[in-house]
Amino acid sequence: MQVFLFCGYFALMTKCDGIDFIFKKQTLLLLPQKAIYWREEKTLIIADVHLGKTGHFRKAGIAIPTELAQKDLEVLSALINEHQPEKIIFLGDLFHSDKNSDWNWFSLWRKKHDKINMILIKGNHDIIEEENFTNLNISVQQEMLITPFRMAHHPLKKEETVKENSYTLCGHIHPGVHLRGKGRDTVTLACFAFGTNQAILPSFGKFTGRIAMQHQETDRIFGILEDKVIAF
């Protein structure tokens, strides 16, 4: 297993249900449910839920249980009940494709949590007309700055410069970390990947894959197990 170096600009405090990551003078609770709870802002940050993906496959004639779509909403509700956020920011790809039967479940879920401010940073899969989200009182934006973080869907490209001295939180990649045991056993865990200028969040949706990324030694990588987050 590869071990990554400690960087001097953060501190860690472990908890049984996640890791409190002190970063940029802010407290980010990294959760095994593949979400971040930003304590100072009372905000949940979630990337790549891909609701409707199961419905998309069902429309194509592929038998996918409807319970998979409902499960992601159940996890979201549990996070809301536990952390009582005032705001939820979805970092793109909230809904996988065109509207389908899963949209009805999502609409009912939103009405149940109508007191929470919800913001969608538009991703490449968010092709539903924006008015469908605004009708559910969900604001749609291309990106968003809440100092010291810039919220986006796509990671920064190599040629892009850091905007307004902000640190980007994004998704899209579905990052993973590849671990190798003493024998030939290997596993790829979903992870939070904090680099120099940006952090890539894991995909929240259960019906999504993950990609083993090439990490730098100065990156901070947090692997996700079923019930805890581990720092490498």
Hits in region 98-135 (condition: more than 22 Å from Thr43 (Cα to Cα), surrounded by 15 or more Cβ atoms within 10 Å (Cβ to Cβ) and within 18 Å of the chain's Cα centre (by Cα))
His125
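Take Leu79 and decide whether it is at pLDDT 95 or above, under 15 Å from Leu44 (Cα atoms), among the hydrophobic types (A, V, I, L, M, F, W, C) and in a strand (DSSP E or B). Steps first, answer last, please.
On the way: at pLDDT 95 or above: yes; under 15 Å from Leu44 (Cα atoms): yes; among the hydrophobic types (A, V, I, L, M, F, W, C): yes; in a strand (DSSP E or B): no.
So Leu79 does not fit the description; no.
Results for (1) in contact with a helix residue (DSSP H, G or I) (Cβ under 9 Å, 6 or more places away or on another chain); (2) of a type in the set (Gly, Ala, Ser), shown as yes or no for each residue.
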| residue | (1), (2) |
| --- | --- |
| Ser77 | yes, yes |
| Asn81 | no, no |
| Pro85 | yes, no |
| Asp93 | no, no |
| Asp102 | yes, no |
| Lys112 | yes, no |
| Asn117 | no, no |
| Leu120 | yes, no |
| Glu130 | no, no |
Subset of region 24-33 [crowded, with 21+ Cβ neighbours inside 10 Å and either farther than 17 Å from Leu189 by Cβ or in contact with a Ser or Thr (Cβ under 7 Å, 6 or more places away or on another chain) (or both)]:
Leu28
Tell me yes or no: at least one residue of region 65-76 is in contact with a strand residue (DSSP E or B) (Cβ under 7 Å, 6 or more places away or on another chain), modelled with pLDDT under 95 and either of a type outside the set (Asp, Glu) or surrounded by 13 or more Cβ atoms within 10 Å (Cβ to Cβ) (or both).
yes
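Residues that are modelled with pLDDT of 90 or more, at least 3 per element: which strands (runs of 3 or more DSSP E) completely within region 131-193 meet that? Break it down into steps so the answer makes sense when it comes.
On the way: elements: 138-141, 144-146, 149-151, 167-170, 175-180.
Passing ranges, in order: 138-141, 144-146, 149-151, 167-170.
The values are calculated or read from the model by the stated rules, or taken from the named source; none is laboratory data. Everything numeric here is computed off the predicted structure, so don't read it as measured data. We place every Cβ from the backbone using ideal geometry, glycine too, and count neighbours over all the protein chains shown.
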